[in-house]
Structures are given as C-alpha cells and as structure tokens.
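Written below as structure tokens is the structure these notes are about.
The values are calculated or read from the model by the stated rules, or taken from the named source; none is laboratory data. Since the structure is predicted, the reported quantities are computational estimates derived from the model, not experimental observations. Note: ideal-geometry Cβ built from the backbone for every residue, glycine included; neighbour counts use all protein chains shown.
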Amino acid sequence: MTRPVVAEVRDLRVHFPVRHGRQRLVARAVDGVDLAVHEGEIVALVGESGCGKTTIARTIMRLVEASSGSVSVGGADITHARGAALRRRRRDFQMIFQDPFESLPVNATAIDVVSEGLAIHRGDLDPAARREVALAALEMCGLTPAAAIAERRIFQLSGGQRQRVAIAAALALEPRLLVADEPVSMLDVSLRAGVIRVLLDMRERLGVAILFITHDLALAGVFADRVAVLYLGQVVEQGRAAEVIGTPRHPYTRALVEVMPKADGGRRAARTLLTGEPPNATATTPGCRFAPRCPLYRQLGQPERCRTEQPPLRAATPEHAVACHFPDLEVSPTLKENTT
Ligand SMILES: Nc1ncnc2c1ncn2[C@@H]1O[C@H](COP(=O)(O)OP(=O)(O)OP(=O)(O)O)[C@@H](O)[C@H]1O
Ligand SMILES: [Mg+2]
C-alpha cells in the first residue's frame, strides 16, 4: 500500500483505572496496537465485545487520551494536539455511531443536523451556500428528494434514513477519515445493504478513508480492504480482508470464521469451541492473552512458550500478519463441536 497514510497509531495503549470491589485494577482496553489507514482505504476492526475497538476509534478521534504510544496524521503527531490543530482534526476526522437515534437530536430537521457542522467548520459559506452543500450531501446519501427529506425531523425518519443523515452530516465536511462504529448493527437487515452502499459510494466519489468497526466478519470480508482482528486490546491478525477471512491463520480468527453463517446456507463445518475464562481486560499474563481459551494451546499440551512469551505480530505473507507461536496448525477434530 503506497497511498498516503490518513491516520496511524503506534504502540497505542489506553489503560483505564477500574474498581473491582475494594481492589483498584487497570483495564488494558488497548495494549500496544499499531494500525494505519491509508487514503481511500476501508479498514475493518473486528473482535468480540470489550476487545477495544471503540476505544481505538475514540483515541484516533481524540475523544479519549492515549496512555502511551502515538496517534499521527501524515507524519504529524497529534497525540496531544490542542487548540487550532485539534479543531482542524475535528473536521478531517468524522465519526458515526451505532445508534442514530441516540447520536442525533430527535427534534432537529435533517438539514439542521447536516448544517450544524458546516456552520462550525465552513465559515466561508453563507447560509444559502451552506444549504446547498447540505442538500447535496443528503442527496449523495440517497435521501431523495433531498429538499423534502431536509425538512423532516429525525424522529420522523426510519433508522436507515437516520443513519444516512448522520453520514451526510459527516461527509458534508469532506473529511479524510470516516470512523464508523457499528453503523449498521442497529438497523434492520433489509436496510443494512443500502447504508453500506452509501459508504462505498462515498469512498469512490470522495476518496474518504473509512475505519469500520463491526462484529460481522462476513461483512468485513466483503466490504473492507484490510481487516485487523483484536483480542483483549491487541491485534492478533491483520491483512487483506479476503485473506484474513478466507484463510485465517490465528486460532482466534479461525474460531470466529467458523461460526460465521454460510452465505449459501450450506452445511457448516465443525466449530472450534472457545472454552476457558471469558476475556478479561484487567487480567495480566506474560504470555499469549488468548492462551487460556486457545484450543491449540490445549491440544499442544500447554506449551511453555505460550504461557511466558507474548507472540509478536509477524508477517506470514507480505499482506498478512499473525501473532501466534503456532500459526496454521489445525485444531484436532476431537476438540471441535460437531454441528452437523
Ligand atoms: N471509560 C472507561 N473506563 C473504564 N473502562 C473502560 C472505559 N472505556 C472502555 N473500558 C473498558 O475497555 C475495554 C474495551 O472497551 P471498548 O468499548 O473499546 O470495546 P469494544 O471492542 O468497542 O466492545 P463492543 O463490541 O462491546 O462495543 C472493556 O473492557 C471496557 O470495559
Ligand atoms: Mg464498541
């Protein structure tokens, strides 16, 4: 990938103090993540609930402070940017959220929502020009006829329309990066494809880069250019979307892929069972974080290496990296749940 980097995090750590009864613990929400999003690229962040996806996104947006590591844009470090430098970023980086009901003011009209950011960031536009830009953004997001939809209030719109208004508000500012945190997971299945198509269309037309957070591996596989799989605040596998989802190399990704519904409705292969403790961001181990749940770890007789040494993210192919001491080893069928 030779296109310019739009946003990059290096060795990013975000630790939160948490209380557990009387104990004071540290939740390692993000624990040493390297990630870059290039111009016009769609990168998907996937992984179970609590693995740090939203925290990474919010740190890039500068809504959360990094504990250590850096966030940079085109080589410029913005980890601790303030004032004008941060305001600039607030325009260049836009975020849309899971629940368009919660994230948008329900009584505002669609055009109010889109105009608000323009009023802040585009002082060069007079009200008539602002209205024109806002209408064009609504139209681009498939909200037609835009002049009619513009006057509707958010509560009068469907979930899919609401999410399109949120996208229009973000894109009216011509951002370089759109961070989309589970943007379709609250929508009816029938509306999802439409919203995804709008995002793809925006990438085509505006060259906007998208950091796309999702639980849906199948969607990540077809929609994203690259995928990063997170486990407890760390990237365990990363690479071209088709490769990571098509030929996963980490036992965690493999287990996630095995539970994916088959598009053709065909018979599913036996699934790997993820047993052991549920992931806990406050637990500490010098070794691999996935080991307590890893079927390979059990199969191989709990190798010391997995217990004591954190596997680094290593390139398996030029476009595919994996953090496992024993990548590609097959899990024995006896450790799988038979679903047939
Ligand atoms: N402000 C906070 N204070 C304390 N802990 C936090 C805070 N924000 C997040 N965490 C913890 O950090 C970890 C990662 O949370 P995060 O919301 O980033 O996960 P996620 O991958 O987005 O999950 P989900 O798929 O459920 O949205 C979790 O253990 C969470 O409880
Ligand atoms: Mg989240």
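Name the one entry in Ala85, Ala81, Ala76 that is more than 11 Å from ligand 1 (Cβ to nearest atom), free of Cβ contacts under 8 Å to residues at least 24 places away in the same chain and closer than 19 Å to Leu173 by Cα.
Of Ala85, Ala81, Ala76, the one residue that is more than 11 Å from ligand 1 (Cβ to nearest atom), free of Cβ contacts under 8 Å to residues at least 24 places away in the same chain and closer than 19 Å to Leu173 by Cα is Ala85.
Examine the range 46-69 for a residue that is among the acidic types (Asp, Glu) and away from ligand 1 (no atom under 11 Å from the Cβ), and state whether such a residue exists.
No, the range 46-69 contains no residue that is among the acidic types (Asp, Glu) and away from ligand 1 (no atom under 11 Å from the Cβ).
Being within 16 Å of ligand 2 (Cβ to nearest atom), assigned to a strand (DSSP E or B) and not acidic (Asp, Glu): is that true of Leu211 here?
Here the answer is yes, as Leu211 does meet what is asked.
Regarding the range 133-145, can at least one residue be identified that is in a loop (DSSP other than H, G, I, E, B), touching a residue at least 40 places away in the same chain (Cβ under 8 Å) and over 23 Å from the mean Cα position of the chain (by Cα)?
yes
List the helices (runs of 4 or more DSSP H) inside the range 7-112, counting only whole elements, that have at least 2 residues being within 14 Å of the chain's Cα centre (by Cα).
53-60
Being away from ligand 2 (no atom under 16 Å from the Cβ) and aliphatic (A, V, I, L, M) is the filter here, so list the residues in the range 13-57 that pass it.
Val18, Leu25, Val26, Ala36, Val37, Ile42
Consider Thr334 against the criteria (1) surrounded by 12 or more Cβ atoms within 10 Å (Cβ to Cβ); (2) modelled with pLDDT under 80: it satisfies all of them except one. Which criterion is unmet?
(1)
Could you check, for the range 176-190, whether at least one of its residues is surrounded by fewer than 24 Cβ atoms within 10 Å (Cβ to Cβ), part of a strand (DSSP E or B), acidic (Asp, Glu) and within 16 Å of ligand 2 (Cβ to nearest atom)?
yes
Just give me the residues in the range 286-307 being touching a Ser or Thr at 6+ places or on another chain (Cβ under 9 Å) and either surrounded by fewer than 19 Cβ atoms within 10 Å (Cβ to Cβ) or more than 15 Å from His250 (Cα to Cα) (or both), in sequence order.
Selection gives Pro286, Gly287, Arg298, Gln299, Arg307.
Quick one: in the range 119-164, which of the residues that are under 18 Å from Arg91 (Cα atoms) and β-branched (Val, Ile, Thr) is modelled with the highest pLDDT?
Filtering the range 119-164 for residues that are under 18 Å from Arg91 (Cα atoms) and β-branched (Val, Ile, Thr), the one modelled with the highest pLDDT comes out as Val133.
Taking the conditions exactly as written (within 19 Å of Leu86 (Cα to Cα) and either more than 16 Å from ligand 2 (Cβ to nearest atom) or surrounded by fewer than 16 Cβ atoms within 10 Å (Cβ to Cβ) (or both)), does Ser68 satisfy them or not?
In short, yes.
Pairs, please: C-beta under 7 Å, at least 6 apart or cross-chain, first residue under 11 Å from His215 (Cα atoms) and of a type in the set (D, E, K, R) and in the range 45-59, second part of a helix (DSSP H, G or I) and near ligand 2 (Cβ under 8 Å from one of its atoms)?
Going by the 7 Å Cβ cut-off, there are no qualifying pairs.
Filter the range 11-27 for residues that are surrounded by 17 or more Cβ atoms within 10 Å (Cβ to Cβ) and at pLDDT 95 or above and give the result.
Leu12, Arg13, Val14, His15 - these are the residues of the range 11-27 that are surrounded by 17 or more Cβ atoms within 10 Å (Cβ to Cβ) and at pLDDT 95 or above.
Only residues that are surrounded by fewer than 18 Cβ atoms within 10 Å (Cβ to Cβ) and of a type outside the set (Lys, Arg): list them for the range 197-211, please.
If the condition is that a residue be surrounded by fewer than 18 Cβ atoms within 10 Å (Cβ to Cβ) and of a type outside the set (Lys, Arg), then Leu200, Asp201, Glu204, Leu206, Gly207 are the ones that fit.
Residue-by-condition table, conditions (1) out of contact with any Cys (no Cβ under 8 Å at 6 or more places or on another chain); (2) surrounded by fewer than 21 Cβ atoms within 10 Å (Cβ to Cβ); (3) modelled with pLDDT of 90 or more:
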position: Asp34; (1), (2), (3): yes, yes, yes
position: Val37; (1), (2), (3): yes, no, yes
position: Ile42; (1), (2), (3): yes, no, yes
position: Ala81; (1), (2), (3): yes, yes, no
position: Ala84; (1), (2), (3): yes, yes, no
position: Ser103; (1), (2), (3): yes, yes, no
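Given the condition part of a loop (DSSP other than H, G, I, E, B), over 29 Å from Glu116 (Cβ atoms), out of contact with any Cys (no Cβ under 8 Å at 6 or more places or on another chain) and away from ligand 1 (no atom under 13 Å from the Cβ), answer yes or no: does some residue in the range 219-227 qualify?
Within the range 219-227 (the criterion being part of a loop (DSSP other than H, G, I, E, B), over 29 Å from Glu116 (Cβ atoms), out of contact with any Cys (no Cβ under 8 Å at 6 or more places or on another chain) and away from ligand 1 (no atom under 13 Å from the Cβ)), the answer is yes, since at least one residue qualifies.
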